[in-house]
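Here's the structure we're looking at; comments come further down.
Read the figures in this text as sums done on the coordinates, not as results from a lab. For clarity, every value in this text was computed on a predicted model and none was experimentally measured. Cβ: placed from backbone, ideal geometry, glycine included. Neighbour counts: every protein chain shown.
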Amino acid sequence: MPFASESKDKEDAAPSAGSLFGRLRMRHLVAIEILAERKNIRQASQALFLSQPAATKLLQEIESIFEARLFERTAHGIEITPQGEVLLHWARKAMADMDAARAEISALRDGWEGRVRVGVFPVAASMLVPEAVALLSRSRPGIQVELQEGLETTLLPQLEKGRLDCVIGRATHLAAARGLSHETLFEEPTVVVCAVDHPLLESPDWTNADIDRYEWILPARSGQLYALVASGLARRRAAPPRVAVETSSILTLVEILRQSRLLSAIASGVARRFLEIGLLKTLDLPLSASLHPVAIITNHAASMHPATSMFLQAVREVCAKHSDA
């Protein structure tokens, strides 16, 4: 049964903007998100610090404002309707925009010109993004940069909700599935790396039995990189990788490799820096396929702040410098 009165079930004209802005409050948007997450009026009322009748009344207000049924009662609680999903999407975006405005006003008050929030995949965390930030700090020192490292499962939802301005990482199928835009920067192979004194380096004729003795450190026990490594091992008639450690942090990965007999696989450009300074070595285990290209990923539904444009231009300049080298 609907929460709004039955008179709202008829197909009336959509509420006018003036009526909407005059009645809608931020607490309504917060309530929609919590109701969608908890799927239970009682639990949502506790999270909102309201009584259950007050939470029900708040939902009825929202449904009255939008003249739509947003949730349905079920045997186990409540389920959001398609109209509710639409409102939830825009409610989250509005709240993210307000939080971004709060942070940007705070940055301006502290003397900054602007602020950009960047999600960073491991493939871009050790070279590309640090160099772009350094370039930006020299050309526009008044821009504040906030970096958040992670993988597509954590960063892309944040971008979609407006909590990140852009993501620098691999243009995976998840980006396309979420309707996000991407601009390809470059492609590069993946290499297997290990400690400089790893036993497998002592014999170029190691066998599948030799490599099967060693465990791996990878971002996850599944996914594209895992499959890429498993395919390379299968061609050597070796077993799939046994992942002893999961991490998306390149620096953590390198330090663990240095102090252990674990193996890993990282982008060749990332590996190059650690090879040059003598922290890692590559193992002769060719990985035939390529991962998705490294790209700038943005939310086409969101407007781009000038600070974000300046940061992305710095990213492009760093890529151009390395491609010309």
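Worth pointing out:
- Highest average packing first - 197-205, 23-31, Cβ atoms within 10 Å: 23-31, 197-205
- Here the dipole of the stretch 188-243 is about 320 debye; that uses its Cα centre as origin and unit charges on the Cβ of Lys and Arg (positive) and Asp and Glu (negative).
- Principal-axis tilt of helix 306-324 within the chain, Cα atoms, nearest 10 degrees: 20
- On Cα atoms only, tilt of 82-109 relative to the major axis of the chain in degrees: 70
- Cα-based shape type of the stretch 59-175, given that a ≥ b ≥ c are square roots of the gyration tensor eigenvalues and the cut on a/c is 1.5: oblate
- For the chain, the Cα gyration tensor yields ellipsoid semi-axes of 47, 26, 16 Å (square root of five times each eigenvalue, largest first, whole Å).
- Using C-alpha pairs below 8 Å separated by at least 6 residues, the relative contact order for the chain is 20 percent.
- The chain: calculated mean residue ellipticity at 222 nm from DSSP helix runs of at least 4, using -39500 (n - 2.57): -14500 deg cm²/dmol
- Using the Stokes-Einstein relation with a Kirkwood hydrodynamic radius computed over Cα pairs, the translational diffusion coefficient of the stretch 186-264 at 10 °C and a viscosity of 1.306 mPa s comes to 122 µm²/s.
- Centre-to-centre, using Cα atoms only, the stretch 187-202 and the stretch 278-325 are separated by 22 Å.
- A cut-off of 5 Å between modelled amide H atoms, ignoring neighbours fewer than 5 places along the same chain, links F71 with F3, T81.
- For the chain, lysine pairs with C-alpha atoms less than 25 angstrom apart, excluding pairs fewer than eight positions apart on the same chain, total 8.
- Dividing the convex hull volume of the alpha carbon atoms of the stretch 242-313 by its residue count gives 165 Å³ per residue.
- Highest to lowest packing among 241-251, 164-174, scored as the average C-beta count within 10 Å: 164-174, 241-251
- Estimated FRET transfer efficiency (S268, R140; beta-carbon r; R0 22 Å; 0.05): 0.10
- Distant-in-sequence amide H partners of L263 (H built 1.01 Å from N, under 5 Å): E215, W216, I217
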